[in-house]
Amino acid sequence: MPVYRLNHAVLYVRDAERTATFYEEMLSFVRVFSFPGGVFLQAPGSTNDHDVAFFTIGADAGPSEAGTQTVGLYHLAWEVDTLDELAEVRDKLQRKGSFVGASDHGTTKALYAHDPDDLEFEVSWLLPADLIDDEARASRSTIRPLDLDRERQRYGGSTQGGVGVSRPAPLTS
């Protein structure tokens, strides 16, 4: 039986409460369950029991060396519905001092940020299938700086992303 999606991720962090609060404030995650040293969050609109869980390992934990000194997870990517929402997330992350960059991957418009433990995550908007043209396909292999205002003008700030790509296209009769 093939796997068809990631159901959730579990991360070890210095302080689960602090990290959960960050994701609640920055990405509007909802707390679904917690106990001392553990917090389970669900992304808005998700049908998963939970999308991410955090477990406290203590303030003395060293920094992640994944990708520099050790193997490990690079980042998790969270998807938003619209480019307006992507801009809202960018602004929140910038105000918090967590924003580290933005990239245009052709079919994906991506923001990058660090959480309180300096773990990187991505927040992205995906072109809907009916807007993927030859130019967008060709530019998937290059990474360019993201001009979010230009992309909002081009595709519309309220255009629902990922339709026919990461989410099913509506049924037509």
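The values are calculated or read from the model by the stated rules, or taken from the named source; none is laboratory data. Computed from a predicted model, the values in this text were never measured in an experiment. All Cβ positions, even for glycine, are placed from backbone atoms using ideal geometry, and neighbour counts span all protein chains on display.
With the requirement that a residue be crowded, with 16+ Cβ neighbours inside 10 Å, out of contact with any Asp or Glu (no Cβ under 8 Å at 6 or more places or on another chain) and either not in a helix (DSSP H, G or I) or not assigned by TED's automatic domain parsing to the domain that holds ALA136 (or both), what does the stretch 66-105 give you?
Within the stretch 66-105, GLU79, VAL80, ASP81, THR82, PHE99, ALA102, SER103, HIS105 meet the criteria.
Residue-wise test of (1) more than 25 Å from LEU6 (Cα to Cα); (2) small (Gly, Ala, Ser).
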| site | (1), (2) |
| --- | --- |
| PHE35 | no, no |
| GLY45 | no, yes |
| ALA53 | no, yes |
| GLY67 | no, yes |
| TRP78 | no, no |
| ARG95 | yes, no |
| THR107 | no, no |
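Could you grab me the full set of residues in the stretch 152-173 that are touching a residue at least 12 places away in the same chain (Cβ under 8 Å) and either of a type in the set (A, V, I, L, M) or in a loop (DSSP other than H, G, I, E, B) (or both)?
Answer for the stretch 152-173, where residues must be touching a residue at least 12 places away in the same chain (Cβ under 8 Å) and either of a type in the set (A, V, I, L, M) or in a loop (DSSP other than H, G, I, E, B) (or both): GLY156, GLY157, SER158, THR159, GLN160, GLY161, GLY162, VAL163, GLY164, VAL165, SER166, ALA169.
Which members of the stretch 24-49 meet the condition of being more than 15 Å from the chain's Cα centre (by Cα) and in contact (Cβ under 8 Å) with a residue 40 or more places away in the chain?
Listed by number, the residues that qualify are ASN48, ASP49.
For the stretch 122-151, give me the residue count where each residue is among the acidic types (Asp, Glu), assigned to a loop (DSSP other than H, G, I, E, B) and touching a residue at least 12 places away in the same chain (Cβ under 8 Å).
1
Can you confirm whether the stretch 114-121 contains a residue that is crowded, with 18+ Cβ neighbours inside 10 Å, in contact with a Lys or Arg (Cβ under 8 Å, 6 or more places away or on another chain), among the aromatic types (Phe, Trp, Tyr) and not in a helix (DSSP H, G or I)?
The answer is no; no qualifying residue exists.
Of the conditions (1) more than 15 Å from PHE22 (Cβ to Cβ); (2) under 14 Å from the mean Cα position of the chain (by Cα); (3) of a type outside the set (Asp, Glu), GLY106 clears all except one; give me its number.
Every listed condition holds for GLY106 apart from (2).
I'm trying to understand the selection: among the residues of the stretch 1-48, which are closer than 20 Å to GLY72 by Cβ and in contact with a Phe, Trp or Tyr (Cβ under 6 Å, 6 or more places away or on another chain)?
Of everything in the stretch 1-48, those that are closer than 20 Å to GLY72 by Cβ and in contact with a Phe, Trp or Tyr (Cβ under 6 Å, 6 or more places away or on another chain) turn out to be LEU11, TYR12, VAL13, ALA16, THR19, TYR23.
Residues of the stretch 100-118 being closer than 19 Å to SER64 by Cβ, of a type outside the set (D, E, K, R) and touching a residue at least 12 places away in the same chain (Cβ under 8 Å), which ones?
The answer is VAL100, TYR112, ALA113, HIS114, PRO116.
Is it the case, given these coordinates, that THR68 is out of contact with any strand residue (DSSP E or B) (no Cβ under 8 Å at 6 or more places or on another chain) and either of a type in the set (Val, Ile, Thr) or without any contact (Cβ under 8 Å) to a residue 12 or more places away in the chain (or both)?
Spelling it out, THR68 is indeed out of contact with any strand residue (DSSP E or B) (no Cβ under 8 Å at 6 or more places or on another chain) and either of a type in the set (Val, Ile, Thr) or without any contact (Cβ under 8 Å) to a residue 12 or more places away in the chain (or both).
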